[in-house]
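Q: Have a look at this one before I ask anything.
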Amino acid sequence: MKKENLIYSTLILTIASIFTRIIGMVFRVYLSNQIGAVGMGLYQMIISVYSFASTFACSGIVVAVSSLVSAHLARNEGKCAKYILHFCVTLSGVLGITAGSVLYFCSDVTSSVLLKDMNAAFSLKILAPSMVFMSLSSCYRGYFLAISKVSKPAVAMIVEQLVRMFVITSFMGIWISKGIKYSCAAAVIGMTIGEIICALYLYIAYVRSSAPLKQNQNMEIHKMSLVKSILKMAVPVAVSSYLQSLLRMIENILLPNSLKKYAGNAESGMGIYGSLKGMVMPLLMFPSVFLSSLSVSLVPEISRSISVNNIKRVNHTLNRVIKITLVVSILIVAVFITFSHEIGIALYNSAEVGRMLAMLSPLCPFMYLEIVVSGILRGLNEQFSSLKYNTVDSVMRIILIFLIVPYRGLYGFIVIMYLSNMYTSLSSIARLLKVTTISFRMMEWLLKPCFGALLSALLFKGVFRFLIPSGLHIWLNLIFSILFLCAGYFLLLILMKCITKSEMKWISEKMKAPLHKKQAKDVTMSSFLI
């Protein structure tokens with residue numbers, strides 16, 4: 001693949017990811033205002049079971065299809081690539097039907113025994129049919145990644161989100177008056193319909209783009225050898241995903257039940273859980289989409305530099321990525337702490353959400369570093385390290401939740417979150433420092449940004465707020481206030497020479513994507529289809 005195509009592909013997927021993350025954030029705000037904290041708690045528990053079932057339905061398939069199909073097409077072995085795709089489609093269909101059937105027929109038992117709330121059963125039954133469509137979509141998504149037509153899965157991702165939002169808002173108006181059971185059902189029915197539309201779109205796009213699979217149709221293929229190669233690639237990825245998803249599901253089921261024990265009644269415990277997992281955590285994680293995009297775009301560059309043994313370039317890139325991550329995450333902490341109350345009121349009309357946001361916002365540097373460093377470790381072929389740290393972390397969280405949260409409630413879980421995120425991020429950084437020759441630059445990466453963030457926040461509180469008219473709507477007031485703080489922060493970092501012209505130029509170059517005319521046309525057509 002040419003470098004231009006790689007950069008173009010990364011750009012398209014990044015734009016789609018950012019757009020869908022924004023839609024998802026808007027959806028969560030809308031949903032929380034409709035069904036409240038208790039409803040959000042039940043919704044989060046339903047989604048945890050759904051996520052585990054979807055992992056069983058399609059985990060490992062995208063990797064197998066994209067890697068093996070692209071490898072055989074590169075050798076002009078279209079017949080082999082076609083067999084691999086069709087085998088994966090069949091396998092995914094079987095797994096999807098199995099996952100959907102188990103989810104449907106076990107929905108009552110799951111709701112009463114695991115979730116301890118029968119209101120969830122109806123929603124799980126609605127989600128069950130989506131399993132087979134999700135698994136089929138994963139195959140065709142892998143195919144388009146293999147032939148470097150990433151605009152197709154990107155458009156499918158956006159169309160799915162838009163359909164989901166439309167359906168949910170339509171059903172919410174009808175079912176919300178019927179109680180929490182039907183309110184949560186309205187929130188998930190759009191997910192099933194969105195998956196159906198996404199699968200149909202990708203299948204139609206595949207039929208129109210299947211020409212590469214028609215080359216060398218007369219060649220002889222060894223089916224068992226191809227099946228072994230598929231399983232060899234898909235099974236390890238799938239097992240790893242099953243383990244991580246199972247541990248996350250156990251945590252998401254254990255936590256609300258532990259909070260219920262502490263609060264003394266189910267509604268209070270579920271409300272705390274809904275506010276935390278359904279409102280505060282999405283807010284904390286939302287800015288990470290931009291850092292994740294930067295991490296994804298730099299992994300190919302790291303891999304290329306390693307392949308030609310250009311260690312100096314690798315270290316240069318890693319230094320800048322970690323610095324950017326810390327500079328941005330420290331700014332996010334300043335914004336969330338300074339405006340926590342205003343954000344809670346503006347988005348959710350809840351001062352409690354603002355209070356939780358202020359308590360948890362110092363976690364942002366640890367969470368964002370873990371995301372970025374894990375991506376870098378993948379580029380350095382250190383995937384097993386990330387898996388090991390995440391598995392240990394999940395087991396540790398489950399044990400601590402069981403031991404602490406029933407007796408210390410929300411504050412106990414906040415302590416657990418700090419311990420957990422500090423462990424994963426510091427372990428990942430320690431591993432990165434061990435496998436590379438970079439060194440942690442305390443002054444440039446931490447002290448100067450912290451000083452700039454503190455001074456900007458203090459200056460805003462003392463001076464900038466008087467520059468904003470008091471009659472403005474809370475949203476406009478919040479936007480202008482955040483812009484003032486961000487401008488002051490970056491100005492201070494430039495004056496302290498924490499950010500240099502060469503670094504700004506480097507970031508600008510990484511975000512540029514040279515498009516050929518054909519590629520630009522493809523983007524235009526994708527926008528039209530949306």
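Q: Kindly list the number of the only condition in (1) touching a Phe, Trp or Tyr at 6+ places or on another chain (Cβ under 9 Å); (2) open to solvent by less than 20 Å² (accessible area, probe 1.4 Å) that fails for Phe171.
A: (2)
Q: Output the number of residues of segment 33-80 satisfying the condition of being small (Gly, Ala, Ser), at pLDDT 80 or above and within 21 Å of the chain's Cα centre (by Cα).
A: Result for segment 33-80: 6.
Q: Sticking with this structure for a sec: Go through segment 322-360 and report how many residues are modelled with pLDDT under 90, assigned to a helix (DSSP H, G or I) and of a type in the set (Phe, Trp, Tyr).
A: 1
Q: Residues of segment 92-118 being in contact with a Phe, Trp or Tyr (Cβ under 7 Å, 6 or more places away or on another chain) and surrounded by fewer than 17 Cβ atoms within 10 Å (Cβ to Cβ), which ones?
A: none
Q: While we're here: Identify all residues within segment 426-447 that are hydroxyl-bearing (Ser, Thr, Tyr) and either modelled with pLDDT of 90 or more or closer than 19 Å to His316 by Cβ (or both); write none if there are none.
A: Ser427, Thr436, Thr437, Ser439 - these are the residues of segment 426-447 that are hydroxyl-bearing (Ser, Thr, Tyr) and either modelled with pLDDT of 90 or more or closer than 19 Å to His316 by Cβ (or both).
Q: With respect to the numbered conditions (1) within 27 Å of the chain's Cα centre (by Cα); (2) modelled with pLDDT of 80 or more; (3) within 30 Å of Glu251 (Cα to Cα), which one is the sole condition not fulfilled by Ser112?
A: Going through (1) within 27 Å of the chain's Cα centre (by Cα); (2) modelled with pLDDT of 80 or more; (3) within 30 Å of Glu251 (Cα to Cα) one by one, Ser112 breaks only (1).
Q: Just a yes or no: is a residue in segment 148-158 among the small types (Gly, Ala, Ser), surrounded by 19 or more Cβ atoms within 10 Å (Cβ to Cβ) and either at pLDDT 90 or above or touching a strand residue (DSSP E or B) at 6+ places or on another chain (Cβ under 6 Å) (or both)?
A: Taking every residue of segment 148-158 in turn, none turns out to be among the small types (Gly, Ala, Ser), surrounded by 19 or more Cβ atoms within 10 Å (Cβ to Cβ) and either at pLDDT 90 or above or touching a strand residue (DSSP E or B) at 6+ places or on another chain (Cβ under 6 Å) (or both).
Q: Sticking with this one: Residue by residue through segment 25-53, note down the ones that are hydroxyl-bearing (Ser, Thr, Tyr) and open to solvent by less than 20 Å² (accessible area, probe 1.4 Å).
A: Hits for segment 25-53 are Ser32, Tyr43, Ser48, Tyr50.
Q: Answer yes or no: is there a residue in segment 179-189 that is open to solvent by 10 Å² or more (accessible area, probe 1.4 Å) and not in a helix (DSSP H, G or I).
A: For segment 179-189, residues open to solvent by 10 Å² or more (accessible area, probe 1.4 Å) and not in a helix (DSSP H, G or I): present.
The values are calculated or read from the model by the stated rules, or taken from the named source; none is laboratory data. Computed from a predicted model, the values in this text were never measured in an experiment. We place every Cβ from the backbone using ideal geometry, glycine too, and count neighbours over all the protein chains shown. When the accessible area is computed, the model is the full protein with side chains, heavy atoms only, and any ligands, DNA or RNA have been set aside. Shrake-Rupley method; radii C 1.70, N 1.55, O 1.52, S 1.80 Å.
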